[in-house]
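Asker: Below you will find the structure I want to go over with you.
Only the coordinates and a few stated rules stand behind these numbers; no lab work does. What you are looking at is a predicted structure, and each value in this text was computed from that prediction instead of being measured. Here the Cβ positions follow ideal geometry from the backbone for every residue, glycine too, while neighbour counts run over all protein chains shown.
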Ligand SMILES: Nc1ncnc2c1ncn2[C@@H]1O[C@H](COP(=O)(O)OP(=O)(O)OP(=O)(O)O)[C@@H](O)[C@H]1O
Ligand SMILES: [Mg+2]
């Protein structure tokens with residue numbers, strides 16, 4: 001699977017991406033986690049010490065070159081294969097996850113222009129990465145819609161849209177799902193997060209039902225997750241027995257078996 005985790009700012013993308021990546025790896029899969037946020041912090045959610053995380057070398061964007069053919073079809077060429085990039089720039093994380101950081105914005109880059117080349121690099125890595133059943137990528141996206149407008153996620157197969165139970169988060173999720181569909185991402189699921197009550201869950205479910213977005217998991221608001229964050233630790237290390245982790249384990253099992261509850265008319269159009 002090539003999974004990307006998107007959603008409104010602060011919805012829990014990085015927390016869920018890091019936890020899911022490790023859970024997939026614990027089940028015997030090879031997992032490449034890709035931090036696509038210019039303000040990256042997936043390393044911490046994977047359980048890498050924050051000081052070590054700050055020193056991780058970023059994948060240079062100079063490897064990627066885009067081109068368009070006569071029909072206007074956009075594609076990305078890479079000077080190094082994704083496997084070579086992963087071998088050279090991958091940082092080992094707990095449970096044998098390998099982490100790539102692409103596009104971190106450095107303090108001295110103030111005023112230096114856009115981050116397009118990082119998007120091109122990620123798009124190229126996802127396009128050319130050799131898919132095999134025991135190998136998965138989990139990409140943690142920046143909040144917002146830019147990665148979808150740019151086509152950074154064109155080559156992912158599973159888009160997880162993290163939704164909190166409030167109106168603006170729901171609205172953002174609706175836009176993300178539509179863009180993902182128009183980009184051709186075959187599987188698009190909502191993951192409800194920070195759910196504190198049945199009312200919260202109902203609000204997310206009724207919005208998603210109306211929009212035709214399958215709700216693949218409902219993760220509760222979990223004090224163990226919040227405390228892990230306060231300490232700068234991964235949820236799996238600080239709160240392995242939390243309810244949120246239990247839900248994500250169960251969800252990962254369904255993802256791996258291809259048995260995520262969904263109505264067929266809602267996906268793969
Ligand atoms: N299920 C949960 N229960 C309690 N707190 C949670 C839960 N999920 C995430 N959080 C908390 O929400 C905050 C935001 O989480 P996170 O950084 O993962 O969001 P994000 O969507 O990646 O944010 P950004 O848009 O800034 O990248 C963190 O403090 C995190 O601990
Ligand atoms: Mg994040």
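Asker: From (1) under 12 Å from the mean Cα position of the chain (by Cα); (2) surrounded by fewer than 24 Cβ atoms within 10 Å (Cβ to Cβ); (3) within 14 Å of ligand 1 (Cβ to nearest atom), pick out the condition that doesn't hold for residue 9.
Answerer: (1)
Asker: Which one is nearest to residue 205 (Cα to Cα), of the residues in region 216-232 that are more than 16 Å from ligand 2 (Cβ to nearest atom) and assigned to a loop (DSSP other than H, G, I, E, B)?
Answerer: Looking at residues that are more than 16 Å from ligand 2 (Cβ to nearest atom) and assigned to a loop (DSSP other than H, G, I, E, B), I get 221.
Asker: I'd like the full set of residues that are more than 22 Å from the chain's Cα centre (by Cα) and either outside any helix (DSSP H, G or I) or farther than 16 Å from residue 168 by Cα (or both), limited to region 181-201.
Answerer: 196, 197, 198, 199
Asker: OK, next. For region 118-142: of the residues being more than 16 Å from ligand 2 (Cβ to nearest atom) and part of a strand (DSSP E or B), which is surrounded by the fewest Cβ atoms within 10 Å (Cβ to Cβ)?
Answerer: The residue in question is 135.
Asker: Looking only at residues in region 97-115 that are more than 22 Å from residue 10 (Cα to Cα) and in contact (Cβ under 8 Å) with a residue 12 or more places away in the chain, which one is farthest from ligand 1 (Cβ to nearest atom)?
Answerer: 98
Asker: Quick one: how many residues across region 116-149 are within 16 Å of ligand 1 (Cβ to nearest atom) and over 13 Å from residue 62 (Cα atoms)?
Answerer: Final tally of qualifying residues: 11.
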